[in-house]
Amino acid sequence: MESALATKGRKNLIGLSRAELEAELAGLGVERFRARQLWQWIYHRGAVSFRAMSSLSARLRDELAERYTLARAEPARDQRSLDGTRKWLLKLADGNLIETVHIPEKDRGALCVSSQVGCTLSCKFCHTGTQRLVRNLEAGEIVGQLLLARDAIGEWPSPEDGRMISNIVLMGMGEPLYNYDNVAKALRIVMDPEGIAISRRRITLSTAGVVPQIRRAGEELKVNLALSLHAVRDELRDVIVPLNKKYPIAELIAACRDYARLNPNRRITFEYVMLKGVNDSPADAKALVRLIRGIPAKVNLIPFNPWPGAPFECSDERAIRAFAEIVMNAGYHAPVRTPRGRDILAACGQLKSDSLRRRASARAKEVAAPAIG
Ligand code: SAH
């Protein structure tokens with residue numbers, strides 16, 4: 001495999017749309033149907049080297065290898081939780097670090113993908129929120145997380161019904177709707193039936209509530225929507241999800257109603273992190289069901305996952321059960337999300353790539369070699 005380090009001067013083809021890939025090959029004077037073959041090699045077979053592409057002529061393979069690469073991000077760390085959850089710390093070509101998490105179930109599995117390096121939202125209960133945003137991820141860096149996970153798990157060629165990676169959740173680091181264009185481009189690649197071919201029904205985009213982009217995603221992407229609600233009163237949500245000051249609850253719920261209208265037969269997931277004594281009272285539960293009345297929805301109750309220095313505690317089991325019961329009695333599914341990968345800080349809201357701290361400490365020690373390795 002061409003390593004990420006050996007890519008200097010060569011363009012990475014991962015993340016190009018089909019049209020862009022065709023244009024790239026047309027520039028070399030290569031027929032259009034070859035672009036389709038190349039696409040299948042990359043996204044259906046998971047080829048990491050042009051040399052292996054046996055349906056292309058030797059000359060074309062050489063030419064491609066000279067100009068292009070299919071390099072994935074480098075796994076700087078690969079951790080496994082006792083419950084089977086696996087977390088990769090990935091080093092991007094520019095040295096920035098992101099995390100990707102695989103959550104296996106008995107007969108399926110979800111890959112939790114990051115959309116940004118860090119995050120700008122600063123939700124008070126989220127570890128990633130304490131990290132400064134470095135930048136948006138490119139489409140290729142988003143798709144690349146999936147390719148790398150498939151490489152590591154050995155799930156190539158793309159199976160018709162993926163077992164280990166059957167679902168994608170955009171619930172990693174970052175706010176996907178603040179990186180709309182790249183996320184949309186990446187999802188189109190992921191959904192392409194001649195490649196990875198994961199259907200929109202198996203993709204969930206989670207947002208803290210960027211209202212204008214929720215509407216756009218509802219029209220253009222039509223994936224499952226998860227809304228990180230977490231509070232039912234603006235006074236509280238303003239504090240724990242500061243984005244609420246820009247897009248308050250009433251606007252958010254209106255956008256969800258629009259999304260539901262545009263995507264009938266689809267339920268919106270409202271995510272609600274259970275914070276002891278903060279948002280977990282029976283009155284909150286009642287207000288929640290009033291708020292979402294009429295929206296085809298389920299409510300995902302997420303026990304708060306602690307992280308070093310976090311200013312919250314997880315609600316008691318009893319409080320969570322009482323909350324869930326009120327929501328269920330109103331006719332909504334209210335599963336309590338089992339925390340996965342807590343022991344390796346891979347659970348919801350625990351991701352933080354430490355890129356700044358690590359780089360700073362490497363500088364302090366005057367280490368010339370890369371800080372991670
Ligand atoms: N920015 C997007 C994507 C992040 S998804 C969003 O806000 O939806 C991560 C999910 O985990 C969100 O619902 C988030 O609110 C939740 N979360 C964050 N920190 C958490 C924590 N410490 N414990 C449990 N859930 C948390």
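The values are calculated or read from the model by the stated rules, or taken from the named source; none is laboratory data. In this text the structure is predicted, and so the values were computed from the model without any measurement. Every residue, glycine among them, receives a Cβ derived from its backbone with ideal geometry; neighbour counts consider all protein chains shown. Surface accessibility is based on the protein's heavy atoms, side chains included, excluding ligands, DNA and RNA. Shrake-Rupley method; radii C 1.70, N 1.55, O 1.52, S 1.80 Å.
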*Selection within the stretch 198-213 - more than 15 Å from residue 172 (Cα to Cα), within 11 Å of the ligand (Cβ to nearest atom) and touching a residue at least 40 places away in the same chain (Cβ under 8 Å)*: 209
*asked:* I need the full set of residues from the stretch 93-122 which are assigned to a loop (DSSP other than H, G, I, E, B), in contact with a Leu (Cβ under 8 Å, 6 or more places away or on another chain) and open to solvent by less than 40 Å² (accessible area, probe 1.4 Å), in order please.
replied: 113, 114, 115, 118, 119, 121
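Conditions tested, residue by residue: (1) of a type in the set (Lys, Arg); (2) farther than 20 Å from residue 152 by Cβ; (3) at pLDDT below 95.
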residue: 7; (1), (2), (3): no, no, yes
residue: 16; (1), (2), (3): no, yes, no
residue: 20; (1), (2), (3): no, yes, no
residue: 73; (1), (2), (3): no, no, yes
residue: 88; (1), (2), (3): no, no, no
residue: 100; (1), (2), (3): no, no, no
*Would you mind finding the one in 142, 165 that is out of contact with any Pro (no Cβ under 8 Å at 6 or more places or on another chain), of a type in the set (A, V, I, L, M, F, W, C), open to solvent by less than 20 Å² (accessible area, probe 1.4 Å) and not in a helix (DSSP H, G or I)?*
165
*Go through the residues of the stretch 172-181 one by one and say whether even a single one is away from the ligand (no atom under 16 Å from the Cβ) and either part of a helix (DSSP H, G or I) or in contact with a Pro (Cβ under 6 Å, 6 or more places away or on another chain) (or both).*
yes
*Of the residues 300, 329, which single one is under 26 Å from residue 258 (Cβ atoms), polar (S, T, N, Q) and open to solvent by 10 Å² or more (accessible area, probe 1.4 Å)?*
300
*Conditions: (1) within 15 Å of the ligand (Cβ to nearest atom); (2) under 29 Å from residue 187 (Cα atoms); (3) free of Cβ contacts under 8 Å to residues at least 60 places away in the same chain. Residue 269 meets all but one. Number of the miss?*
(3)
